[in-house]
Every structure is written in C-alpha cells, then in structure tokens.
Amino acid sequence: MKIRIFRQKVPDSEPYWEAFNYDGTMEISVAGMLDKLNFGDDIINDLGEKTDRIGWDCSCLQGMCGACAMVINETPALACETFLKNLKGDEVVLRPLRKFPVVHDLIVDRSVIHETLKSTNVYIGEYNPKGKEDHEHQYAVANCLKCGLCLEVCPNYTDGKSFYGAVYANDCYLVKARNREKAGDIRSSYAGHFANSCSKALSCMEVCPMHIPTLSSMAKMNR
Ligand code: SF4
Ligand code: FES
C-alpha cells in the first residue's frame, strides 16, 4: 500500500510530497502504521532513499486527547481511530490540518484554540452551577478534545481571528451552564464571535470524534 504524506521540515519552509511503501497488516490504525514506518534505524521512502522520520503527534492512542488529528484521504479524522481496513482505495494520503500553522510534517500548532478561550474568558473558573437540569448535555460537551477537526471542515472558520467555530460555541455553553456569574459576559461574547457568523453548515458535527451535539449547544445559547 502506498502512503503519501504532505511533509514540511520546519514552520514556513517549502512543503513537499513524499511516499512510502507499507506492506504490513490492514488491521492497524493510521497511527500504528506511522509508527511502523518510523520504526528501524533507517527510514526509506518509495524511491529507496533514506529520509527523515515522519513527524506526527499522539498521546493517548485511544481517541481521548485529540493530538493525532490530521486529514486522512481528504477527511479530517483521528489517526489512532482510523483503521487501514476501513479506508477505500490502495493509497493513503495524509496531510496536516489546514487551518493551523504547521510545526513539522503532520504536527500543527493549535494554540489559537486555547488563546481564544482565554482571551474571551471562556473557561469555567469557580464552579458555580446554574442548575442540574442540563447535566446530560453538559457531560457530552465536556468531552471536547480541542482536536480542531471541526474547524478543519468549517466553511466559516479561517485562521480563528474573527469567527471561532464549534469548539468555542460548545465551551461557551458549558461555561454559561456552570458559572452563573459569567453567564452574561459569555452570552455577549458568543453573539459577537459565533452566532452572527455561523451559517449552520453543521459539517462540524459530522467529523467530531466525540459526537458532540453542537447544534444543541447552539440552540441552548440562542434560547
Ligand atoms: S467539538 Fe469535536 S471536533 Fe471540535 S475540537 Fe471538540 S472534539 Fe474535536
Ligand atoms: S493519540 Fe489521543 S486521540 Fe489519537
């Protein structure tokens, strides 16, 4: 199987394509396959040349941290949750997420997500719940990995400077539900940075590995 990777040595350097031959099992995730390609003293590309190890990020390897988010055959997904046997075709094409600056190969800098939440005060602070009625939804939303897959497919999210996307909308809901002192500020921040720019494409919900009910968060915030 051919593995084609869009690589970049360092930030702002010229990106390039490099391909590898993989002849191992199909009962393996993209993360596991990348590990196998990187294993050994020399990394050899499909031209038989020695090359650098492939840069990619991971932590949990079980769909819980979001670090391995990348674009796999043009679909944003978690590498540790995507299995070769479920991919169509005889080639796997890997790219880094396109809405964030590339650090190295498949590793991107997603710090803009956290900077946005910090600068708009969208973090819980003192836990001060408004009520218990919404606990099921709060629990679902709290599963967000901050992986950025929803931002990759969002037609309105560009570089995170004006429209902040689904991850922000969900956290706004969560903070509003859990800290009543912040609720007023969060509502106006949400209106300015999300509600006025979201076109309800809802592609974010289709790719979210945690199946976060973003539409429901939006409805609760709008109400
Ligand atoms: S909402 Fe889903 S896709 Fe978006 S950052 Fe959170 S876990 Fe990832
Ligand atoms: S390594 Fe944690 S989600 Fe894939």
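Going through (1) open to solvent by less than 50 Å² (accessible area, probe 1.4 Å); (2) free of Cβ contacts under 8 Å to residues at least 40 places away in the same chain; (3) of a type outside the set (K, R) one by one, V153 falls short only on (2).
Answer yes if at least one residue in region 159-171 is in contact (Cβ under 8 Å) with a residue 60 or more places away in the chain and either more than 15 Å from ligand 1 (Cβ to nearest atom) or assigned to a loop (DSSP other than H, G, I, E, B) (or both), and no otherwise. The answer is yes; a qualifying residue exists.
Just one residue in the set V175, V167 is of a type in the set (A, V, I, L, M) and within 21 Å of M64 (Cβ to Cβ); that residue is V167. Taking S197, is it under 21 Å from the mean Cα position of the chain (by Cα), more than 16 Å from ligand 1 (Cβ to nearest atom) and open to solvent by 20 Å² or more (accessible area, probe 1.4 Å)? Answer is yes for this residue.
Going by the structure shown, is G48 modelled with pLDDT of 95 or more and under 23 Å from the mean Cα position of the chain (by Cα)? It is false that G48 is modelled with pLDDT of 95 or more and under 23 Å from the mean Cα position of the chain (by Cα).
Among the residues of region 11-23, none qualifies, meaning not one is open to solvent by 30 Å² or more (accessible area, probe 1.4 Å), under 23 Å from K146 (Cα atoms) and within 16 Å of ligand 2 (Cβ to nearest atom). When you scan region 51-59, do you find a residue that is out of contact with any His (no Cβ under 9 Å at 6 or more places or on another chain), modelled with pLDDT of 95 or more and farther than 18 Å from H104 by Cβ, even just one? Scanning region 51-59, I find no residue that is out of contact with any His (no Cβ under 9 Å at 6 or more places or on another chain), modelled with pLDDT of 95 or more and farther than 18 Å from H104 by Cβ, so the answer is no.
Exactly one residue out of M33, M64, M26 is free of Cβ contacts under 8 Å to residues at least 60 places away in the same chain, on the phi < 0 side of the Ramachandran plot and under 21 Å from the mean Cα position of the chain (by Cα), and it is M33.
Filter region 122-137 for residues that are within 16 Å of ligand 1 (Cβ to nearest atom) and buried (at least 17 other Cβ atoms within 10 Å of the Cβ); which is nearest to Y190 (Cα to Cα)? Out of the qualifying residues, it is V122. Residue-level analysis places C208 among those that are touching a Cys at 6+ places or on another chain (Cβ under 8 Å) and near ligand 1 (Cβ under 9 Å from one of its atoms). Within the bounds of region 79-94, is there any residue that is among the small types (G, A, S) and touching a residue at least 40 places away in the same chain (Cβ under 8 Å)? Yes; the residues of region 79-94 include at least one that is among the small types (G, A, S) and touching a residue at least 40 places away in the same chain (Cβ under 8 Å).
The values are calculated or read from the model by the stated rules, or taken from the named source; none is laboratory data. This is a predicted model, so every value here is computed, not measured. Cβ coordinates were reconstructed from backbone atoms using ideal geometry, including for glycine residues, and neighbour counts include every protein chain displayed. Just the protein is used for accessible areas: all its heavy atoms, side chains included, with ligands, DNA and RNA removed. Shrake-Rupley method; radii C 1.70, N 1.55, O 1.52, S 1.80 Å.
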